[in-house]
1. Filter the trypsin sites (Lys or Arg not before Pro) in segment 113-153 down to the DSSP loop ones having no more than 11 other Cβ atoms within 10 Å, then list what survives.
2. Report, for segment 2-75, the % of DSSP beta bridges that are antiparallel, rounded to 5.
3. Starting from the Cα coordinates of segment 83-151, work out the convex hull volume and express it per residue in Å³.
4. Give the long-range amide H neighbours of Val5: residues separated by 5 or more places, or on another chain, with amide H under 5 Å away, using H modelled in the peptide plane at 1.01 Å from N.
5. Please find, in a Gaussian network model of the chain (springs between Cα atoms separated by less than 10 Å), the residue of Ile72, Ile122, Ile39 whose mean-square fluctuation is greatest.
6. Taking springs between alpha-carbon atoms closer than 10 angstrom, which of Met105, Met113, Met49 fluctuates most in the Gaussian network model of the chain?
7. Short version: ³J(HN,Hα) in whole Hz for each residue of segment 66-78, in order, from phi by Karplus 6.51 cos²θ - 1.76 cosθ + 1.60 (θ = phi - 60°), x for Gly and Pro, what are they?
8. If you take all C-alpha pairs in segment 1-133, what percent of them are over 23 Å apart?
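No lab work stands behind these numbers, since they all come straight from the coordinates. Predicted model only: the values in this text are computed from it and were never measured. Cβ placement follows ideal geometry from the backbone for every residue including glycine, while neighbour counts extend to all protein chains displayed.
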Amino acid sequence: MRLTVNRTPYDVDVEPEMPLLWVLRDELGLTGTKYGCGIAQCGACTVHMDGMAVRSCQIPAEAADGAEIVTIEGLGTPEALHAVQQAWIEHQVAQCGYCQSGQIMQAASLLDMNPDPSDEEIDRVMSGNLCRCGTYPRIRAAVKTAGAKMRGA
Ligand code: FES
Ligand code: FES
């Protein structure tokens, strides 16, 4: 299969049913994307595929053939963080951190679709990404900060 990950093209030789999560982690060494449940329930494996947030544990490699993928490693750069990453630092969102790359990718996708979400919308979307440390109040605050920055407010 051929796919573009973080703006770099790759040819990878894998079984068609191999989950995209393992293509990213085991074939490309991009271990920022985490394995939580493997059954689309937790969101730890969230990446962007053709601009949409998807759960990479549920995407077979053959479905990602030709797609543009962005992972946490490619959302911003150390010199130019994405607004969500910057807000996550400002609000010190992470606790253990395990769920956080998925949270950040989900939040970036939410703000791409609506840079001014209500508290209810933030809670509805972000509660689908499980955080056992209970960082949801800081996630909500950081999403609002990032949205304001993206709107230039
Ligand atoms: S590991 Fe993919 S949703 Fe949990
Ligand atoms: S920060 Fe620990 S699970 Fe979310």
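1. Passing sites in segment 113-153 are Arg132.
2. Roughly 85 percent of the beta bridges in segment 2-75 run antiparallel, per DSSP.
3. Cα convex hull per residue, to the nearest whole number: 67 Å³.
4. It is Tyr10, Ile69, by chain and number.
5. Ile39
6. Maximum among the listed residues: Met113.
7. My calculation for segment 66-78 gives x, 7, 9, 10, 10, 10, 4, 5, x, 5, x, 10, x Hz in order.
8. Numbers: 2560 of 8778 pairs.
Roughly 29 percent, once rounded to a whole number.
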